[in-house]
Each structure stands twice: as C-alpha cells, then as structure tokens.
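Report on the following structure.
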Amino acid sequence: MNPVPFQSPAEIAAAIPRVTEHLRAGGLLGYPTETVYGLGSRAVTRDVEELASLKGRAPGKPFLLLISDRAMAEAQGLAFNASADALARAFWPGPLTLVLPGGSGRLPNLLRGPEGGFAVRWTSHVGIARLVAALQEPLTSTSANIPGSQPAPGAAAIVRDFQAAVAAGRLLVLDGGVLGNRPPSTVVDCTQRDARLVREGAVTLAELRRAAGRLAP
C-alpha cells in the first residue's frame, strides 16, 4: 500500500476522512509531526497494545499523546498546575511535551508514565492538528523507528521498516515529505508543584526559563 499524500491543504483535507475511519477501526498510523515522523493509534488499550507490539516497545515506556487544543487534554481529565499552565501558554502549540496528572478512568494506564502522569503535546503540525480535531480524541505518538535505530526521515523509510504491517493494512502511512534532522520535543514533568526537566529538545531550558520564570524547571 502506497503512502497517502499529506502535504498540501487539498491533500490533507482529502486524507482526513480515510485516516479517521482507519483509526476508528483499530488501525495504526505513521505520520509527520513538527519534530520527527511518528507512529500512533487511538488512545484505547487494545490499539495501544497493537502499537507497542508493532514498535517492539519495552514495557514501562509509555507513548505520548498529541492533542489539537488544550480543551482536549482537559476533557481527558488531565490537570494543569501553575507551571503547566505557564508553559502551555508560552509554547503550545509546539514541540513541548508536558507530563500532566489526572486521566484516571479516561486514558489507558498503559500510557501512564513512571512519574504517574500522561505525556501530552499540542501539535503545531497543521495537518496532524486538523486530523486530531476531526478524530475528536488524542492520537498516541512514538518515534517511527525500530528500537535502536534513528527515526524515519520520511514515509518511504516507515514503509520499508514496517513492510508487513503496511502490506496487511494494519499500518497506514502519511507522506508529509522528508523532515530532515530535527530535535525531538522537550519534555517537562508537571505532576508535582515544581516542574522538572525530563528531556531537553527543540525548546531549550533557557527558553523555558525566559518564558515562565520561576515556574519553569
């Protein structure tokens, strides 16, 4: 199965109905983001387990969630403390992932990290944000690569690495062009009163502190 074109506004609009139908039927997705290509699914236990199997993901390493606006995170019962609120206002939508508390009974525990929260990012990729809004629920996300290898730079590499899943119709791949060598999102744990930097990526620690002051890590 060839990748689905997903670059121009017309291509994105044409693809979204097909992609949402595929995801709602339990399918998996390979797609571009503002950082690297990702693999994802709906945030339901069965689909997350399928994604973990495809990726070969070790237990205890949950996936993050992409949302199309802050209200979507709040609808899942996720809570924003003062630090999360300040950082979200400064950097969302964009390559900043916040680990937020809450979500009990609404999100699979498979997605809950060791700090007790769920990793969430309001994506700034226009096409994926439109897709998530049309899906009306978060899209899980993990880098599109076999563990130990570099993230796929484009759709062709995803098809190559996950050929069996693509051929079987389990994995649908969106072609958003070649992304190049981009850093991953920055991750900040906001499950406690004081924010903690988990991973410095596309947004630097200095940028976090300039924007949020004492509420930054």
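The values are calculated or read from the model by the stated rules, or taken from the named source; none is laboratory data. Everything quoted here is computed from the prediction, not taken from an experiment. So basically every Cβ, Gly included, is an ideal-geometry build from the backbone, and we count neighbours across all protein chains shown. For accessibility, only protein heavy atoms count, side chains too; no ligands or nucleic acids. Shrake-Rupley method; radii C 1.70, N 1.55, O 1.52, S 1.80 Å.
Residues considered: GLY105, GLY94. Of these, the only one that is in a loop (DSSP other than H, G, I, E, B) and within 17 Å of the chain's Cα centre (by Cα) is GLY94. In segment 79-93, the residue that is nearest to PRO32 (Cα to Cα) out of those that are open to solvent by less than 10 Å² (accessible area, probe 1.4 Å) and of a type in the set (Gly, Ala, Ser) is ALA88.
Could you go through segment 52-59 and let me know if any residue there is open to solvent by 70 Å² or more (accessible area, probe 1.4 Å), among the polar types (S, T, N, Q) and free of Cβ contacts under 8 Å to residues at least 24 places away in the same chain. Yes: one or more hits. Answer yes or no: is there a residue in segment 181-192 that is open to solvent by 40 Å² or more (accessible area, probe 1.4 Å), small (Gly, Ala, Ser) and touching a residue at least 40 places away in the same chain (Cβ under 8 Å). No, that holds for no residue. The residues of segment 111-122 that are touching a residue at least 60 places away in the same chain (Cβ under 8 Å) and either surrounded by fewer than 18 Cβ atoms within 10 Å (Cβ to Cβ) or among the acidic types (Asp, Glu) (or both), listed by number, are GLU115, GLY116. Among the numbered conditions (1) surrounded by 22 or more Cβ atoms within 10 Å (Cβ to Cβ); (2) closer than 15 Å to PRO138 by Cα, the only one that LEU96 does not meet is (2). Residues in segment 65-78 that are open to solvent by 30 Å² or more (accessible area, probe 1.4 Å), touching a Phe, Trp or Tyr at 6+ places or on another chain (Cβ under 9 Å) and either within 15 Å of ASN109 (Cα to Cα) or among the small types (Gly, Ala, Ser) (or both): GLN76 alone. Taking segment 144-169 as the range and being open to solvent by 40 Å² or more (accessible area, probe 1.4 Å) and either in contact with a strand residue (DSSP E or B) (Cβ under 6 Å, 6 or more places away or on another chain) or at positive phi (or both) as the test, the residues that pass are GLY148, PRO151.
Does THR45 meet the test of being under 14 Å from the mean Cα position of the chain (by Cα) and either without any contact (Cβ under 8 Å) to a residue 24 or more places away in the chain or farther than 19 Å from GLY169 by Cα (or both)? For THR45, the condition - under 14 Å from the mean Cα position of the chain (by Cα) and either without any contact (Cβ under 8 Å) to a residue 24 or more places away in the chain or farther than 19 Å from GLY169 by Cα (or both) - is not met.
Report, by residue number, each residue of segment 1-40 that is part of a strand (DSSP E or B) and in contact with a helix residue (DSSP H, G or I) (Cβ under 8 Å, 6 or more places away or on another chain).
Quick first cut of segment 1-40, residues part of a strand (DSSP E or B) only: 4-5, 28-31, 38-40.
Once the filter is applied, which keeps residues that are part of a strand (DSSP E or B) and in contact with a helix residue (DSSP H, G or I) (Cβ under 8 Å, 6 or more places away or on another chain), segment 1-40 yields VAL4, PRO5, LEU28, LEU29, GLY30, TYR31, LEU39, GLY40.
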